[in-house]
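Submitted below is the structure of interest, expressed as structure tokens.
The values are calculated or read from the model by the stated rules, or taken from the named source; none is laboratory data. Being a predicted model, the structure only gives us computed values, none of them experimental. When we count neighbours, we look across all protein chains shown, and the Cβ atoms used for this are built from the backbone with ideal geometry, even at glycine. Each accessible area value is taken on the protein alone, full model and side chains, heavy atoms only, with ligands, DNA and RNA left out. Shrake-Rupley method; radii C 1.70, N 1.55, O 1.52, S 1.80 Å.
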Amino acid sequence: MGETQDRPFQLSFNSSLKVDFQGSRVTSDGGLVLVRELDERLGLSELMERHLSDSRRGKNIQLPLADLLRQSIYSRLAGYEDVNDAARLSQDPTFRLIGSRKIWERGTALTSRLQSFETEVLTQEENLAGLAALNRELIARAAAIASPRRVVLDMDSTEVRVHGRQEQSAYNGHFESTCYHPLLLFNREGDCLAAKLRPGNVHSADGWEELLLPEIDRQQAQGKQVTFRGDAAFAKPELYEALEEREVKYAIRLPANDNLQRNITELLTRPVGRPSYKPVVRFKSFHYQAASWTMARRVVAKVEFHCGELFPRVGFIVTNLGTSSRAVVRFY
């Protein structure tokens, strides 16, 4: 910035603040000021006021809800995973600048105050629903800046390990840990559109309709074309039917079985001659109907032969995309 501009950079969320270099006051988290500028332009303050409620009374409200929520969010963005660093960050110049005047004068919240805010205020039922609505509206405002006509939705589950006897945590054999097993819905840009916290021992696709179907309806109401992709955990007939009913294109990985393998027998023969150092890749598209399906659907197979490996790598994708087999695999 110093090479192209010799004057301080003024911020729109607070006209009294300017970004400049002074060696006497240095912070390693100065980049958060630009994120704070973005949240001001997207109207995060107005969304917090609309969707979140503050049940605190008396001396507990010395720090506004918006300041506490920003401190909680921004500390994670800066790589501080929990509230243990709150005491050290309370006097950090960046964290004091991103809040209101109360924070500039006295510093940000300490560990105990931030922890009670996250575990007591934010976990109230109305605020949990408000956080989900706030997140969705914030992403919609960002998407409106350069809104594409086509939206790609990705759904996946993940592991959140726990310590001690946390409520509804359970041992998960796939992850080999005691955990929660939340379900997440993303767009192509990696923005989390929705999330559902679940016990650790549920199936990866459990509760998919609660997250996916409302988002499809919301996107289609805005006139957008929706496409879905998911891994083999979401290879469920009821999911295919729900997507087809809503005219949503999809590409979902299928678990391999003997019937699918029989459809690509000719692709499984290793190429003759000296093995290539580059993988030899073959594709095939065919129609297949499993016993639990009400109709035949298109399946794309990909077979890869790698140098030094005895058996090929085989993958199957069920899809209603009208593109070539290679394009379907590339999209997935």
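Determine whether ALA242 is closer than 26 Å to GLY207 by Cβ, in contact with an Asp or Glu (Cβ under 8 Å, 6 or more places away or on another chain) and either at pLDDT 95 or above or part of a strand (DSSP E or B) (or both).
yes
Name the pairs: first residue in segment 147-158 and closer than 14 Å to GLU215 by Cα, second residue assigned to a loop (DSSP other than H, G, I, E, B) and open to solvent by less than 60 Å² (accessible area, probe 1.4 Å), Cβ to Cβ under 6 Å, at least 6 apart or on different chains?
Pairs that qualify, where the first residue is closer than 14 Å to GLU215 by Cα and the partner is assigned to a loop (DSSP other than H, G, I, E, B) and open to solvent by less than 60 Å² (accessible area, probe 1.4 Å), are VAL151/LYS224.
So which residues in segment 54-91 are over 20 Å from ASP29 (Cα atoms) and either open to solvent by 30 Å² or more (accessible area, probe 1.4 Å) or modelled with pLDDT under 85 (or both)?
ASP54, SER55, ARG56, ARG57, GLY58, LYS59, ASN60, ILE61, GLN62, LEU63, PRO64
Could you tell me how many of the residues in segment 217-259 are among the aromatic types (Phe, Trp, Tyr) and either closer than 17 Å to SER157 by Cβ or touching a His at 6+ places or on another chain (Cβ under 6 Å) (or both)?
2
Please state which one of ARG141, ARG106, ARG150 is touching a strand residue (DSSP E or B) at 6+ places or on another chain (Cβ under 8 Å) and open to solvent by 70 Å² or more (accessible area, probe 1.4 Å). Outline the logic, then answer.
Numbers: ARG141 fails: touching a strand residue (DSSP E or B) at 6+ places or on another chain (Cβ under 8 Å); ARG106 fails: touching a strand residue (DSSP E or B) at 6+ places or on another chain (Cβ under 8 Å).
Result of the check over ARG141, ARG106, ARG150: ARG150.
Here is a follow-up. Please enumerate the residues belonging to segment 266-312 that are in a loop (DSSP other than H, G, I, E, B), of a type in the set (Ser, Thr, Tyr) and either at pLDDT 90 or above or surrounded by 12 or more Cβ atoms within 10 Å (Cβ to Cβ) (or both).
Across segment 266-312, the qualifying residues are SER292, THR294.
Being part of a helix (DSSP H, G or I), within 23 Å of VAL162 (Cα to Cα) and either under 22 Å from the mean Cα position of the chain (by Cα) or among the basic types (Lys, Arg) (or both) is true for just one of ARG36, ARG76, ARG70, ARG50. Which residue is that?
The unique qualifying residue is ARG76.
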